[in-house]
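As structure tokens, the structure follows; a few thoughts come after it.
The values are calculated or read from the model by the stated rules, or taken from the named source; none is laboratory data. Quick caveat: nothing in here was measured; it's all calculated off a predicted structure. So basically every Cβ, Gly included, is an ideal-geometry build from the backbone, and we count neighbours across all protein chains shown. We work out accessible area using only protein heavy atoms, side chains counted, and drop any ligands, DNA or RNA first. Shrake-Rupley method; radii C 1.70, N 1.55, O 1.52, S 1.80 Å.
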Amino acid sequence: VLRGADVVVHLGWAIQPVRYGPYLDRVNIDGTRALLRAMAAEGVEQLVYASSLGVYAPGATEPVSETWPDSGQRSSVYSRQKVVIERMLDHFEHENPGVAVARIRPTLVVQR
């Protein structure tokens, strides 16, 4: 599927059912792992990954910079999985120094 691709934009993510961790792990973590393997195998040199503000550690009272800890929030399955993927991306970047990886960390607005 990735043969000849210049870039991968990874937006895939399952958030439901929250109480079914094995399914979410399989889709989110194992799915991302498979995508990274496929990218490496096909020589795709650019990745844009939709991460989340959920990777940031709690406790900030003001907007934070990229130096704020990205250890996530233990009480959130979503946050924990996003942190796992971020560590996976760290490893991927180390193992594939020719690949440009961009992580975007949007937030949700849940109101009218």
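Would you pick out the residues in segment 40-56 that are open to solvent by 40 Å² or more (accessible area, probe 1.4 Å) and either within 14 Å of ARG80 (Cα to Cα) or in a loop (DSSP other than H, G, I, E, B) (or both)?
Of everything in segment 40-56, those that are open to solvent by 40 Å² or more (accessible area, probe 1.4 Å) and either within 14 Å of ARG80 (Cα to Cα) or in a loop (DSSP other than H, G, I, E, B) (or both) turn out to be GLY43, GLU45, LEU53.
Considering the conditions (1) under 21 Å from ILE104 (Cβ atoms); (2) part of a loop (DSSP other than H, G, I, E, B); (3) open to solvent by 70 Å² or more (accessible area, probe 1.4 Å), VAL18 is excluded by exactly one of them, (1). Criterion first (in contact with a Ser or Thr (Cβ under 6 Å, 6 or more places away or on another chain), surrounded by 14 or more Cβ atoms within 10 Å (Cβ to Cβ) and either at negative phi or of a type in the set (Ser, Thr, Tyr) (or both)) does GLY31 satisfy it? Considered against the rule, which asks whether it is in contact with a Ser or Thr (Cβ under 6 Å, 6 or more places away or on another chain), surrounded by 14 or more Cβ atoms within 10 Å (Cβ to Cβ) and either at negative phi or of a type in the set (Ser, Thr, Tyr) (or both), GLY31 comes out as no.
Just one of the listed residues (GLU95, GLU45, GLU86) is in contact with a Lys or Arg (Cβ under 9 Å, 6 or more places away or on another chain), in contact (Cβ under 8 Å) with a residue 12 or more places away in the chain and not hydrophobic (A, V, I, L, M, F, W, C), namely GLU86. When we screen ARG37, ARG87 for residues that are open to solvent by 60 Å² or more (accessible area, probe 1.4 Å), modelled with pLDDT of 95 or more and under 11 Å from the mean Cα position of the chain (by Cα), the only hit is ARG87.
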